[in-house]
Structures are given as structure tokens and as C-alpha cells.
1. With respect to V245, is the statement that it is under 30 Å from the mean Cα position of the chain (by Cα) and more than 15 Å from ligand 1 (Cβ to nearest atom) true?
2. Given (1) in the same structural domain as G179 (by TED's automatic domain parsing); (2) farther than 30 Å from L313 by Cβ, identify the lone condition not met by L153.
3. May I ask you to verify whether E288 is within 9 Å of ligand 1 (Cβ to nearest atom), closer than 30 Å to N134 by Cβ and either β-branched (V, I, T) or not assigned by TED's automatic domain parsing to the domain that holds S141 (or both)?
4. Looking only at the stretch 238-275, count every residue that is under 18 Å from V329 (Cβ atoms) and either in contact with a Lys or Arg (Cβ under 8 Å, 6 or more places away or on another chain) or acidic (D, E) (or both) and tell me the total.
5. Going by the structure shown, is I211 closer than 21 Å to G314 by Cα and either in contact with a helix residue (DSSP H, G or I) (Cβ under 6 Å, 6 or more places away or on another chain) or not assigned by TED's automatic domain parsing to the domain that holds P81 (or both)?
6. Where residues in the stretch 283-312 are within 14 Å of ligand 2 (Cβ to nearest atom), among the aliphatic types (A, V, I, L, M) and at pLDDT below 90, which of them is farthest from L249 (Cα to Cα)?
7. Which residues, counting only those in the stretch 224-266, are of a type in the set (S, T, N, Q), buried (at least 18 other Cβ atoms within 10 Å of the Cβ) and more than 16 Å from ligand 2 (Cβ to nearest atom)?
Amino acid sequence: MKRARKTVQAILGLLAAFIFLVGSWTASYFILKALFRRFGAPSSDFVSQLLGVLLGFFILFCLGGLVSLFSRGRQRAFYIPIMNAIRRIAKGDFTAKVEDVERYGQFGELVEGINEMASELSRMETMRQDFISNVSHEIQSPLTSIRGFARALRSEDLSRETREHYLDIIETESARLSGLSDSLLKLSVLESGSFPFEAKPYRLDKQLRNILLACEPQWMGKEIEVEAELAEMTVTAVEDLLSQVWNNLLHNSIKFTPPGGKITITARLIATGAEIIVSDTGAGISKEDLPRIFERFYKADKARGAGAGGSGLGLSLVKKIVDLHRGEVRAESRPGEGTEIIVTLPPSVKEERE
Ligand SMILES: Nc1ncnc2c1ncn2[C@@H]1O[C@H](COP(=O)(O)OP(=O)(O)O)[C@@H](O)[C@H]1O
Ligand SMILES: [Mg+2]
């Protein structure tokens, strides 16, 4: 299709050149003839031939000049919308778009690329603004409550218990703020790619058992039964990072499981590596929320989420870390019955990455 168009264009070009040539010489012939009739022809045939050739060339050059002037104007008109769009994008206006992409023929792809760049930049800008507004919101709510309770503590006629209670809240909210900044920092370090990914082989089942023990006060305190089925296995991974994953998953399960519930942690070897499942008999996650829980700041249960002290960053960190290890994480849940988070890790993470 393109080749046929090019051939047609070449033929038309040749034809135009031919017409110009014939036209110039014809014009030169008639002009000279008129001039000779008026002022008399030169005596030598050679001189009249020479004059004919020179005038022919002169007319040809004039025509050529006219055509190139006209086409330069058209070329400018062709590039102006593109240049304008690029200038607007450079100034931060990502709504800029070059219209009528078809008009640009072989440059269509370039123009489409510019449009795509603008819409991608605009999407990133929206994400950036959402991120800032989310962070501000997450910082604002604990600060408001800290300020309120600190002010309340000034009052002299408070019982000891009330005072203790207020201090507890201040402590919890400060911890929440510090957790938020910790998660944000970790996410940004992991996302920047500057984190040294030093995977080493270690015993995953031992790590999981230790984390379960460390969380014992929390699940015992809620009278939650915990069951662990941990097959002996060695994985090559960054131990600290994976420890963050298991901690986040376990804390979520504890947080969203009512007293008397049960949490089961299973780790087993499968054909494609290791599979770790954290399942609970808690509140569950609705169908609409399920695909979004790994997004930053996403909290499914808005009302309880605020009280529960999470920032909605836990699972996005989990996903980031598992992705870094070339693993996969997914969630299955039935509202009211429980949730299952399944993490799979490739057989040897280090070998995979090299
Ligand atoms: N085990 C679970 N049971 C029920 N809902 C859960 C569970 N784990 C996560 N969720 C939902 O996913 C959301 C995001 O989790 P996460 O990123 O850890 O944020 P956070 O724990 O700070 O609220 C939670 O707010 C909650 O609604
Ligand atoms: Mg969490």
C-alpha cells in the first residue's frame, strides 16, 4: 500500500518536472517571439537560440522558487500544531493533544507517540496528586487526635484511668504516624530501585515460626487460634524484606479476625517453587474491594479501617517485595467467612534474577 503510494508520488513528481520544463520553454519561445516582432530579431541565429535558452532557464528558476516558497509555508503549517503541543507539554500542560493524526501521513506514529506521552504524563500527575492528598490525609487524622487528647490532658480534674487512656491513645497514634513514615520510606526505597537486592538462602519455615511467636501476644490477646503447617524449606531471598511480608499479612489477619477466630499459616513446596498461604476466619473482603486491596492507601472497610490504625500501605508493600523476588501474590476471600492470601516464590530467587 505504502509502496504503491510512493511510486505514484514519484511518477507525479516526474510529470510535474516535465510539465514545468515544457512550460518554461514554451513561455520563453512565445515571449522572445513577441519581443523580436516588436524590437526586431537579432541578426545571428546563435544569439536568438542563446536568448531562448537563458530565458527558459530564468522562467524555470522563478517557477521553482515559487513552488518551494509555497511548500515551505505548507511544511510550517504541518509542524506548527506538533510544536505547539510539545511546548505546552514542556510547560506542564498535559491536556495538550495533536488533533487529526491521520493528516500527518508517515509522521502519524510520531504524533501518536506525542499524544500518548501527554496522556501518560497526565496520568502520572494525577497519581502524584492523589498520593500527596492521601499522605496528607493519613498524617492529618492521627495528628488531630494527638492534639485533641493532649489538650484534654491539661484539664486538672481527670481521673487516673482517663489520663492513662488518653496517653494510650496518644501513644498509639504516634506509633501509627511512625509506622506510616516507615512504610512510605520503605516503599520509596524499593521503588527507586536503589535497594541492594542481596538474596541469601535461609530457612523459610524457621522465619515464619519466629514471626508467629513474636506476634503471640497479639493473637493470644484476641483469643485467636493459630495453626501452622510449615514444611522444611530453604529459599534464596532477602530475609528482612520477606519478614516484612509475613508480618504485614499476619497483622492483617489478626486485625480483621474477631476473637475466637482462627488463623492458619501453610508453607509448602510446589512444582513452581514455594507457596505460603495465610488464611483467616475473619471479616473477609467484598468482591468489589478484592482487586484493589494491593493499591497504595486502599482500605476496604473505610469506617473500621480508620479505627484499626492501618494506612492501607501494608499490602502494597507486600506486593512490591514479592514482585522484587519475582513471585506472585493474590487474595481470595468470601465476605463474612475469611480471607486467604497466597504468596508463591520461585525456586531460587537469586538464580532467577541473574
Ligand atoms: N486478612 C484480611 N481480612 C480482611 N480484610 C483484609 C485482610 N487483609 C487486608 N484486608 C483489607 O485490605 C485492606 C488493605 O490492607 P493493608 O494494605 O494491609 O492496609 P491496612 O492494614 O493498613 O488497612 C485493608 O484495609 C482491609 O480492608
Ligand atoms: Mg495491613
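1. Working: under 30 Å from the mean Cα position of the chain (by Cα): yes; more than 15 Å from ligand 1 (Cβ to nearest atom): no.
When the stated conditions are applied, V245 does not pass them.
2. The single condition L153 does not satisfy is (2).
3. For E288, the condition - within 9 Å of ligand 1 (Cβ to nearest atom), closer than 30 Å to N134 by Cβ and either β-branched (V, I, T) or not assigned by TED's automatic domain parsing to the domain that holds S141 (or both) - is not met.
4. Here the count works out to 6.
5. On the way: closer than 21 Å to G314 by Cα: yes; either in contact with a helix residue (DSSP H, G or I) (Cβ under 6 Å, 6 or more places away or on another chain) or not assigned by TED's automatic domain parsing to the domain that holds P81 (or both): yes.
When the stated conditions are applied, I211 passes them.
6. A306
7. T236, the sole residue that qualifies.
Condition check ((1) among the basic types (K, R); (2) in the same structural domain as G310 (by TED's automatic domain parsing); (3) part of a helix (DSSP H, G or I); (4) without any contact (Cβ under 8 Å) to a residue 40 or more places away in the chain) across all residues:
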position	(1), (2), (3), (4)
P81	no, no, yes, yes
A85	no, no, yes, yes
A96	no, no, no, yes
F107	no, no, yes, yes
V111	no, no, yes, yes
M117	no, no, yes, yes
E120	no, no, yes, yes
R123	yes, no, yes, yes
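The values are calculated or read from the model by the stated rules, or taken from the named source; none is laboratory data. No experiment lies behind these values; they were computed from the predicted model shown. Neighbour counts are summed over all protein chains in view; Cβ atoms, including those assigned to glycine, are modelled from backbone coordinates with ideal geometry.
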